[in-house]
C-alpha cells in the first residue's frame, strides 16, 4: 500500500504516467460499517463500594467471539463512538462475573506529540525507530450501568501490569510507555491520576493533519505512564 500510494502521488504530480484504471476494487478498510447495537442484551445496574463488585476478569477480545460485543458497546455508549484502531492494537473487556463493566482500546501511538517527546527526551531518529514501543489508550469506557468508585483506576492499574506481555505475544515486541489524551472540557482525568499517570502537558488543538497552524479543536491533557524505570534508556536506544 505504501508503494501504491507513492506511485499515485508521482502520477498526480506528472512524474510518471500510470495506465488507466480498469476497475474500482472494493476497499473494506475504507468502507467499514459501524458496529450494530445489540438491543437484546441488558444488564442490571451495578452500584456500591468496589469491594462488593467481586472478582474482575480482563480479557483481550481482538480476533475473538467477544469482539462484536466490544464494538457494539463502544459505538452505543462511548461519546466518540467506535473507531477501528490504527496499526498495532489490542481490545479489552472487563467482566464482573457474567456482566461487562468496562472496555478499553489500545493502539499505535501518534508519531509526533510534543509533551511526550520532551518528557522522554528522545531524538527524531530514536523516536522513528522506537515509536512502536509506545501504546496509546484510544478508548476507555466504564459502562453506564456501573457506578462503582475506584473501578476505573483499578482497571488502569491492572492493565499497566499486563499490556506489555500481551503486546509482545501478538506483535513480538513489548511496550515501555503508555499515553492518552483527556478532553478537559468533558473530563478531569481523575482515574488516570489516581492510577499514577503523569500529566505531560497539553496538545496544541490542531490535530495531526493540520495545515493552518491554528487550533481547530479542544485542547487536551497529555498523560503518560512509564512501564519500567529504565523506559528512557529503552526508548532512546539506537
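Here, each number is a calculation from the coordinates, and none is a lab measurement. Because the structure is predicted, anything quoted here is derived from the model rather than measured. As a convention, Cβ positions derive from the backbone with ideal geometry for all residues, glycine included, and neighbour counts pool all protein chains shown.
Have a look at 78, 89, 15 and tell me which one the Gaussian network model of the chain (Cα, springs below 10 Å) gives the largest fluctuation.
In this elastic network of the chain, the residue with the biggest mean-square fluctuation among 78, 89, 15 is 15.
Report the FRET efficiency, 1/(1 + (r/R0)^6), for residue 230 and residue 67, where r is their Cβ-Cβ distance and R0 is 45 Å, rounded to 0.05. Write out the running numbers ahead of the final one.
On the way: r = 34 Å, r/R0 = 0.77.
E between residue 230 and residue 67, to the nearest 0.05, is 0.85.
Under a 10 Å cutoff between Cα atoms, tell me which one of 80, 200, 90 has the largest fluctuation in the Gaussian network model of the chain.
Residue with maximal mean-square fluctuation among 80, 200, 90: 80.
If I stretch the segment between residue 125 and residue 11 completely, what's the gain in nm (0.36 nm per residue apart, minus their alpha carbon distance), one decimal? Before the final figure, lay out each step's value.
On the way: separation 114, 0.36 × 114 = 41.04 nm, distance 2.99 nm.
Extra length available between residue 125 and residue 11 comes to 38.0 nm.
At 0.36 nm per residue, minus the direct Cα-Cα distance, what do residue 50 and residue 161 gain on full extension? Give it in nm, one decimal, please.
Working: separation 111, 0.36 × 111 = 39.96 nm, distance 1.96 nm.
Between residue 50 and residue 161, full extension yields 38.0 nm more.
Suppose R0 equals 45 Å; then what is the FRET efficiency for residue 99 and residue 4 from their Cβ-Cβ distance, rounded to the nearest 0.05? Mind dumping the intermediate values first?
Working: r = 45 Å, r/R0 = 1.01.
Computed FRET efficiency for residue 99 and residue 4: 0.50.
Can you pull the semi-axes for the range 59-184, root of five times each eigenvalue of the Cα gyration tensor, sorted largest first, whole Å?
They are 26, 16, 14 Å, listed from largest to smallest.
Can you tell me the order of 189-199, 2-12 when each peptide is scored by its average per-residue count of other Cβ atoms within 10 angstrom, highest first? All intermediate terms of the calculation are to be shown ahead of the outcome.
Working: 189-199: 16.6, 2-12: 10.2.
Highest mean packing first, the order is 189-199, 2-12.
Measuring from the lowest to the highest alpha carbon on each principal axis, how far does the chain reach, largest first, in angstroms?
67, 45, 38
Please give the residues of the range 90-112, grouped as numeric ranges, whose backbone N is less than 15 Å from a label point set 7 Å along the Cα-to-Cβ vector of residue 169.
Of the residues in the range 90-112, 90-94 have backbone N under 15 Å from the label point off residue 169.
How do the peptides 151-164, 47-60 rank, highest first, by the average count of neighbouring beta carbon atoms within 10 Å per residue? Don't skip to the answer; put the middle values down first.
Values: 151-164: 18.1, 47-60: 12.7.
Descending mean neighbour count gives 151-164, 47-60.
Give me the distance in nm between label points sitting 7 Å out from Cα along the Cα-to-Cβ direction at residue 199 and residue 183, one decimal.
If labels sit at residue 199 and residue 183, their model points lie 1.9 nm apart.
Any idea what angle helix 2-12 forms with the longest principal axis of the chain, computed on alpha-carbon atoms, 0 to 90 degrees, nearest 10?
Between the helix axis and the principal axis of the chain, the angle is about 50 degrees.
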